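The values are calculated or read from the model by the stated rules, or taken from the named source; none is laboratory data. Worth saying up front: this structure is predicted, and the values here are computed from it rather than measured. Glycine gets a Cβ as well: all are built from the backbone with ideal geometry, and neighbour counts include every protein chain shown.
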Amino acid sequence: MTTIEFSYQLTGLEDKLTRFAMRLTSNREDAKDLMQETMLKAYTYRTHYEDCTNMLAWTCTIMKNIFINNYRRSMRHQTIFDNTNDQFFLNRSQYIDYSSPDSIYTIKQLNQIINSLKDEFKTPFKMHLDGYKYKEIADKLDLNIGTVKSRIFFARQKLMNTLSDLN
């Protein structure tokens, strides 16, 4: 297939590729960027395309791979390396969700409700909020891991019930 034939077939798929890009990104500008990147990569690697095969599937695969790589790259940029002994990777959000409990209730209100819990629920719950793992909490409080999980679950339930009563 000549370069001109390839270009002609590739531009003929533009509408279908644009719809596919919109499904992947759900954003018109991101879809345009993804579309441009896909067309460029398809044209750059046109020698790898085998004649008499499905060009739409080939370019959709290129587009999907570009989308996945861009997503992974953006997640890596949002990851913070914590230099503690446990060496966690923490993902941080770039946006603020205004429907989250933190935005509806003040931290002071949340702390008052947490402090009103019985000590058997409050202590594991606070440790969990501070980033301790279930196993670490169980070891420090000399409890079974199942007990720790259930106490944290019940603390969450009581917290949610109290918050729903405030509304």
Among the residues of the range 10-27, how many are over 16 Å from R46 (Cα atoms) and small (G, A, S)?
2
Output the residues belonging to the range 49-86 that are in a helix (DSSP H, G or I), among the hydrophobic types (A, V, I, L, M, F, W, C) and modelled with pLDDT under 90.
M75
Which ones in the range 108-121 are within 10 Å of L159 (Cβ to Cβ) and either surrounded by 12 or more Cβ atoms within 10 Å (Cβ to Cβ) or acidic (D, E) (or both)?
L110, I113, I114, L117, F121
Which one is farthest from the chain's Cα centre (by Cα), of the residues in the range 33-67 that are more than 24 Å from T3 (Cβ to Cβ) and surrounded by fewer than 18 Cβ atoms within 10 Å (Cβ to Cβ)?
D33
